[in-house]
Ligand SMILES: [Zn+2]
């Protein structure tokens, strides 16, 4: 069997539909005080082993957003904001 090396970096946004809809259409307001939320983008890099045959995993950059209130500095994840919609 030939040895294959799979490597490289993939980028991925892991949004649910609800999160995406919130991100695009909803006004981002603090749940504590109603202040404006500022959006921050961060990412985590992790290595995914797709198959036990490949020792070298694929590097995946996973992007996420979180929000910080400009008034009271409370922090919210996108998931948190999107899932508690009234
Ligand atoms: Zn606030």
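Within region 3-57, restricting attention to residues that are in a loop (DSSP other than H, G, I, E, B), surrounded by 10 or more Cβ atoms within 10 Å (Cβ to Cβ) and at pLDDT 90 or above, the residue that is farthest from the ligand (Cβ to nearest atom) is 26.
Note on region 58-86: among residues that are more than 16 Å from the ligand (Cβ to nearest atom) and exposed (fewer than 11 other Cβ atoms within 10 Å of the Cβ), the one that is modelled with the highest pLDDT is 85.
The values are calculated or read from the model by the stated rules, or taken from the named source; none is laboratory data. What you see is a predicted model; the values in this text were computed from it and never measured. Because the Cβ atoms are built from the backbone with ideal geometry, glycine has one as well, and the counts that use them run over all protein chains shown.
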